[in-house]
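Engineer: Got a structure here, written out as structure tokens. Questions coming.
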Number of protein chains: 2
Amino acid sequence: MGKILVVGSLAYDSLTTPAGKVQRVLGGSANYFAMSASLFAPVQVVGVVGDDYQSEHKQMLVNRGVDVKGIEHVRGKTFHWEGAYGNDLNEAKSLKTELNVFEYFHPKLPSGFDSSEYVFLANIDPILQAEVLAQISKPKLIVADTMNFWIQTKILDLSAMLKRIHILLINEGEAKQLTQTSNAVAAAEKIVEMGPKSVVIKRGEYGFLLYSMGKCFALPAYPLKTVIDPTGAGDTFAGGFMGYLAKFDLAGNLGALKMASVYGTLMASFTVQDFGLRALESLTMNQFERRHLEFREIVSVNV
Amino acid sequence: MGKILVVGSLAYDSLTTPAGKVQRVLGGSANYFAMSASLFAPVQVVGVVGDDYQSEHKQMLVNRGVDVKGIEHVRGKTFHWEGAYGNDLNEAKSLKTELNVFEYFHPKLPSGFDSSEYVFLANIDPILQAEVLAQISKPKLIVADTMNFWIQTKILDLSAMLKRIHILLINEGEAKQLTQTSNAVAAAEKIVEMGPKSVVIKRGEYGFLLYSMGKCFALPAYPLKTVIDPTGAGDTFAGGFMGYLAKFDLAGNLGALKMASVYGTLMASFTVQDFGLRALESLTMNQFERRHLEFREIVSVNV
């Protein structure tokens, strides 16, 4: 089993969805990722929090065996994001982004973290993603996420980062934006030309498209009748994806990338069933495996 | 093997897509359906054309063994539709709809057609769909399509029609509109409460969601790097769907509905690779089966 390092945001989110409203619940890409991946493999988190960060939120990670030595405490307030979703849950409207202590964050890997073999660079400034890569010594697999903001404002740094990673996980809309195409397969091909060997295009309720070694693999998401809050679905996907690969130490195997994508979409299907990290916090391997089996029937063409 | 009856439009289409422009190419739901379904089972077409309908277009159906006795010739011009697509190929903009001879069309089934066991009511006025049902004697399986226009203008006739069919095939957007929900699974559940035993929600490049006997089944479409013209994809889907069920005479079997949906999405993936009916006209069983095998690998989680 491999160890997973994640560098990303630790945040409080205020969220409005058609299902309701919550104030300052725990969020941030690194939290979603860690709570998801730690179901399968040991996780180390690097990030920054402020004075207002509650100890129970660190404890939640510790309870799942996550190594929190890399969580830096800084004077000031924790990153706060306020977002709202309409009936189209695929699109979040950012109402407020208060970077707070995150504004001056530079990732510093504690000793022991630099030898992690599975590295996930969550959706942060590509310059910070590069700073992480400069500190790791023997990565087997480097996976990154990014978003429209960095595509618009730091395309050169982003391009440099893409040359140094193995797999990019990216939303469909952002994949098309990055490659200036309107077709997902064409976007995946172009991303692979930019550096990564493989790319997973995340499609929300429509699942994912994995492109690797000139081949496509695609599946829909687990069909849900009710989605409460889509926040963190992408980071949860990444957690399941990396969790699978680290658990079985299977970086670089195409069949494993398929299964890792299935783990990703399944984990995300739990996250969206409640606000924030609630669903992930109580999730057990038993529940995961039940849904996994059900999913296989849902997408099975072996009639 | 069962016989398939289709009632729908026979048309000329003028189309603009990002890939180009064509004028007055053969189109219409019944043509797309018949060219798709006839790859698998015998098809009978009922529809109306005008003086301008070219004999080669009837011959194209005849060459595929389609029974064209039900194509009525009326003085006037054939139905003409003009549509345009932007980069989002999921949405057509209707520029012109000239009903012409279709305006006064009432379906009349020739003798021999009334005993067809597999009936597809393409997307026409629900009143005309009911007129077809009044003329058939021993249907095994009645499948229908509909669209936003009928949902908005003839909801009562549409509701009455839904009580008389076994399966509804419908676009995702229209399924949500019909049921006033924003979730595909919830929409499918509500449609089943309205009458049909099963529903297939068509999702374009994202494939389909089949809902039957309280269960979901979903797959993405065959991934294509280039889509030339999405016109007729839904009717082609219906053709593959009905073609499979009639070929193996498997109405009412859940496993068969799954496979029929796969046939539908695969057939549609050919249609969109060229303008109008071009791709379907030259398609062979060998090409279909090759893509079918490739598709099974693309969606296979048996790693």
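Condition check ((1) touching a residue at least 40 places away in the same chain (Cβ under 8 Å); (2) within 14 Å of another protein chain (Cβ to nearest Cβ); (3) touching an Asp or Glu at 6+ places or on another chain (Cβ under 8 Å)) across all residues:
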site: B:T16; (1), (2), (3): yes, no, no
site: B:G27; (1), (2), (3): yes, no, yes
site: B:L39; (1), (2), (3): yes, no, no
site: B:D52; (1), (2), (3): yes, no, no
site: B:Q59; (1), (2), (3): no, no, no
site: B:V62; (1), (2), (3): no, no, no
site: B:V66; (1), (2), (3): no, no, no
site: B:K69; (1), (2), (3): yes, no, no
site: B:E72; (1), (2), (3): no, no, no
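Engineer: Does segment B:234-250 hold any residues that are over 13 Å from the mean Cα position of the chain (by Cα), outside any loop (DSSP other than H, G, I, E, B) and away from chain A (no Cβ under 11 Å), and which are they?
Structural biologist: B:L245, B:A246, B:K247, listed by residue number.
Engineer: Could we say that A:G83 is closer than 22 Å to A:S14 by Cβ, in a loop (DSSP other than H, G, I, E, B) and more than 16 Å from the chain's Cα centre (by Cα) here?
Structural biologist: no
Engineer: Can you tell me which residue within segment A:191-207, out of those that are touching a residue at least 12 places away in the same chain (Cβ under 8 Å) and over 21 Å from B:D88 (Cβ atoms), is farthest from the other protein chains (Cβ to nearest Cβ)?
Structural biologist: Only one residue tops the list, namely A:G195.
Engineer: Can you confirm whether B:G83 is surrounded by 15 or more Cβ atoms within 10 Å (Cβ to Cβ) and either free of Cβ contacts under 8 Å to residues at least 12 places away in the same chain or touching a strand residue (DSSP E or B) at 6+ places or on another chain (Cβ under 6 Å) (or both)?
Structural biologist: It is true that B:G83 is surrounded by 15 or more Cβ atoms within 10 Å (Cβ to Cβ) and either free of Cβ contacts under 8 Å to residues at least 12 places away in the same chain or touching a strand residue (DSSP E or B) at 6+ places or on another chain (Cβ under 6 Å) (or both).
Engineer: A follow-up question, please. What are the residue pairs meeting all of these: first residue in segment A:266-286, first residue under 17 Å from A:L224 (Cβ atoms), second residue in a helix (DSSP H, G or I) and basic (K, R), Cβ atoms under 6 Å, and 6 or more apart or on different chains?
Structural biologist: From residues that are under 17 Å from A:L224 (Cβ atoms), the pairs are A:L266/A:R291.
Engineer: Select from segment A:86-101 the residues that are within 14 Å of another protein chain (Cβ to nearest Cβ) and either in contact with a Leu (Cβ under 8 Å, 6 or more places away or on another chain) or of a type in the set (A, V, I, L, M, F, W, C) (or both) and list them in ascending order.
Structural biologist: A:L89
Engineer: Something else about it: In the list B:A188, B:A134, B:A160, B:A175, which residue meets the criterion of being more than 14 Å from chain A (Cβ to nearest Cβ), touching a residue at least 12 places away in the same chain (Cβ under 8 Å) and of a type in the set (G, A, S)?
Structural biologist: Matching residue, one of B:A188, B:A134, B:A160, B:A175: B:A160.
Engineer: When you scan segment A:273-285, how many residues do you find that are in a helix (DSSP H, G or I) and farther than 15 Å from A:G240 by Cα?
Structural biologist: 2
Here's the yes/no breakdown for (1) under 20 Å from the mean Cα position of the chain (by Cα); (2) closer than 23 Å to B:F248 by Cα; (3) of a type in the set (D, E, K, R); (4) surrounded by fewer than 22 Cβ atoms within 10 Å (Cβ to Cβ):
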| residue | (1), (2), (3), (4) |
| --- | --- |
| B:H106 | yes, no, no, yes |
| B:F113 | yes, yes, no, no |
| B:A122 | yes, yes, no, no |
| B:I136 | yes, yes, no, yes |
| B:D145 | yes, yes, yes, no |
| B:L156 | no, no, no, yes |
| B:K163 | yes, no, yes, yes |
| B:E189 | no, no, yes, yes |
| B:V199 | yes, yes, no, no |
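Engineer: Quick one: is B:T231 within 30 Å of A:K190 (Cα to Cα), more than 8 Å from chain A (Cβ to nearest Cβ) and either without any contact (Cβ under 8 Å) to a residue 12 or more places away in the chain or part of a helix (DSSP H, G or I) (or both)?
Structural biologist: Here the answer is no, as B:T231 does not meet what is asked.
Engineer: Continuing with this model, one more query. Pick from segment A:275-298 the residues that are surrounded by fewer than 16 Cβ atoms within 10 Å (Cβ to Cβ) and farther than 18 Å from B:V299 by Cα: which of them is farthest from the other protein chains (Cβ to nearest Cβ)?
Structural biologist: A:E281
Engineer: Among residues belonging to segment A:57-80 that are touching a strand residue (DSSP E or B) at 6+ places or on another chain (Cβ under 9 Å) and farther than 23 Å from A:F113 by Cβ, point out the one that is surrounded by the most Cβ atoms within 10 Å (Cβ to Cβ).
Structural biologist: Once the filter is applied, the top-ranked residue is A:H80.
Engineer: Looking at the structure I just gave you, is A:V46 surrounded by fewer than 21 Cβ atoms within 10 Å (Cβ to Cβ) and more than 14 Å from chain B (Cβ to nearest Cβ)?
Structural biologist: No, not satisfied.
Engineer: Filter segment A:286-303 down to residues that are among the polar types (S, T, N, Q) and part of a loop (DSSP other than H, G, I, E, B) and give me whichever is nearest to A:V66 (Cα to Cα).
Structural biologist: The selected residue is A:S300.
Engineer: Going through B:L257, B:L266, B:L210, B:L224 one at a time, which residue ends up being part of a strand (DSSP E or B), hydrophobic (A, V, I, L, M, F, W, C) and within 13 Å of chain A (Cβ to nearest Cβ)?
Structural biologist: B:L210
Engineer: Please go through segment B:43-67 and give me each residue that is among the polar types (S, T, N, Q) and either over 24 Å from B:M1 (Cα atoms) or not in a strand (DSSP E or B) (or both), ordered by number.
Structural biologist: The answer is B:Q54, B:S55, B:Q59, B:N63.
Engineer: Which numbered condition trips up B:T271, out of (1) within 14 Å of another protein chain (Cβ to nearest Cβ); (2) under 25 Å from A:A187 (Cα atoms)?
Structural biologist: Answer for B:T271: the failing condition is (1).
Engineer: If you don't mind, another one. Out of all the residues in segment B:251-259, is one or more under 14 Å from the mean Cα position of the chain (by Cα) and aliphatic (A, V, I, L, M)?
Structural biologist: Scanning segment B:251-259 turns up no residue that is under 14 Å from the mean Cα position of the chain (by Cα) and aliphatic (A, V, I, L, M).
Engineer: Let me ask something additional. Of all residues in segment A:253-275, which are in contact with a helix residue (DSSP H, G or I) (Cβ under 9 Å, 6 or more places away or on another chain) and either at pLDDT below 95 or farther than 16 Å from A:L293 by Cα (or both)?
Structural biologist: Those that are in contact with a helix residue (DSSP H, G or I) (Cβ under 9 Å, 6 or more places away or on another chain) and either at pLDDT below 95 or farther than 16 Å from A:L293 by Cα (or both): A:N253, A:A256, A:L257, A:T271, A:V272, A:Q273, A:D274.
The values are calculated or read from the model by the stated rules, or taken from the named source; none is laboratory data. Since the model is a prediction, treat every value here as computed from it, not as a measurement. Every residue, glycine as well, gets a Cβ built from its backbone with ideal geometry; the counts of neighbours run over all protein chains shown.
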